[in-house]
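In what follows, a single structure is set out as C-alpha cells and then discussed.
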Amino acid sequence: MNVFGIVVAAGSGERFGQPKANVELAGRPLWRWAVDALESGGCDHVVVVGPVPGGIAGGVRRRDSVAAGLAAAPEGATHVLVHDAARPLASAALVRQVIDRLAIGGTDGVVPGLAVRDTLKRVQDGVVILTVDRADLVIAQTPQGFVIEALVRAHAFDDDDATDDAALVERSGGTVVIVSGGDHNLKVTYPADLVVAEALMP
Ligand code: CTP
Ligand code: MG
C-alpha cells in the first residue's frame, strides 16, 4: 500500500478569532504537529492545503480544501489519510492504527471515534424533546483514512458540504468503520482549546 496524507489547514478560524494553522503550540505551528504525526505514523507523502510554506491553495469549504489535496495525490497512491491541522495532538500511534485497519481491507474508510461521555438531548426552541441514547454514538476525529478511489468517488457523488470526509463516503454508499480515537486528540476550535492542548502536550 502507498499512503498519501492531506493536512487541511485552509480554514478561516471564525470561532477561534483568526486562521489557526500558523498559531503556535509549544513553539511550533499547529500544521507542523499534524504533518509530523502523519509522517511518523507511516504516510509515504504528505501535502498541506493552506497558507503555509510549501502549502497548496485551499477552498471555501473544508471539502473544497480536501479536493485540492486529492488533486495533488502522487501517482500510485492507494490510500489517503485526511487530517485537520487543528488537531496537533494526534499521535503517530493513532495514525498507524488507521493505516493498519485500512491494510486489513474490507472497508472504504476508517474513522477514529471516541465514546460520548455527556448525556445528549435533542432540543427545539429551548425545550428538550428527546434524551438521545448515547450508547451507539461516537465522536469522530481525524486522521480519517480511505481507499483513495472511494474518497474520489465520494467527492464526485454530491456537492453538499460536510464537516468530515467520512460523511461524504457514507453518503456515496461507502463503508466506514471506527477505530479507537485518541483521548487527547482534541480539535482546536476556540482559544481555550489551545490552553487545554498545551496542558495535554506529551
Ligand atoms: N479547513 C480547510 N478549508 C476550509 C475549512 C476548514 O482546510 N475551507 C480546515 C481547517 O483549517 C482545520 C480543519 O479544516 O484544520 C477543521 O476545520 P475547523 O476546525 O472548522 O477550522 P475552521 O473552518 O478554520 O474554523 P471555523 O469553522 O471556526 O471557521
Ligand atoms: Mg470550519
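The values are calculated or read from the model by the stated rules, or taken from the named source; none is laboratory data. Since the model is a prediction, treat every value here as computed from it, not as a measurement. Neighbour counts are summed over all protein chains in view; Cβ atoms, including those assigned to glycine, are modelled from backbone coordinates with ideal geometry.
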**OP:** Please find, within region 21-38, the residue that is nearest to Asp193 (Cα to Cα) out of those that are touching an Asp or Glu at 6+ places or on another chain (Cβ under 9 Å) and within 16 Å of ligand 2 (Cβ to nearest atom).
**Re:** Leu30
Original post:
assigned to a loop (DSSP other than H, G, I, E, B), over 18 Å from Ala34 (Cβ atoms) and out of contact with any helix residue (DSSP H, G or I) (no Cβ under 8 Å at 6 or more places or on another chain) - does that describe any residue in region 153-161?
Top reply: yes
Original post:
Where in region 25-130 are there helices (runs of 4 or more DSSP H), lying fully within it, with 2 or more residues that are β-branched (Val, Ile, Thr) and in contact (Cβ under 8 Å) with a residue 12 or more places away in the chain?
Top reply: 92-104
Original post:
Can you tell which of Val52, Val3, Val66 is among the hydrophobic types (A, V, I, L, M, F, W, C) and closer than 21 Å to Thr163 by Cα?
Top reply: Val66
**OP:** From Gly58, Gly41, grab the single residue that is surrounded by 22 or more Cβ atoms within 10 Å (Cβ to Cβ) and more than 10 Å from ligand 1 (Cβ to nearest atom).
**Re:** Gly41
**OP:** Starting from region 169-188, take each residue that is part of a helix (DSSP H, G or I) and list its partners that are surrounded by fewer than 17 Cβ atoms within 10 Å (Cβ to Cβ), counting only C-beta distances under 7 angstrom and pairs at least six apart or across chains.
**Re:** Arg171/Phe157; Arg171/Asp158
Subject >> Boolean, Ala72 is over 21 Å from Gln141 (Cα atoms) and not aromatic (Phe, Trp, Tyr) >> reply: yes
**OP:** Mind telling me which of the residues Asp164, Asp108 ends up being closer than 30 Å to Val23 by Cα, surrounded by 12 or more Cβ atoms within 10 Å (Cβ to Cβ) and either in contact with a Ser or Thr (Cβ under 8 Å, 6 or more places away or on another chain) or among the basic types (Lys, Arg) (or both)?
**Re:** Asp164
**OP:** Give me a count of the residues in region 44-54 that are among the small types (Gly, Ala, Ser) and surrounded by fewer than 20 Cβ atoms within 10 Å (Cβ to Cβ).
**Re:** 1
**OP:** Within region 1-34, work out how many residues are in contact with a strand residue (DSSP E or B) (Cβ under 6 Å, 6 or more places away or on another chain), aliphatic (A, V, I, L, M) and within 12 Å of ligand 1 (Cβ to nearest atom).
**Re:** 6
**OP:** Return a yes/no flag: does region 56-77 have any residue that is among the hydroxyl-bearing types (Ser, Thr, Tyr), within 14 Å of Ile6 (Cα to Cα), at pLDDT 95 or above and under 15 Å from the mean Cα position of the chain (by Cα).
**Re:** yes
**OP:** Scan region 14-34 residue by residue and report those that are aliphatic (A, V, I, L, M) and surrounded by fewer than 22 Cβ atoms within 10 Å (Cβ to Cβ).
**Re:** Val23, Leu25, Ala26
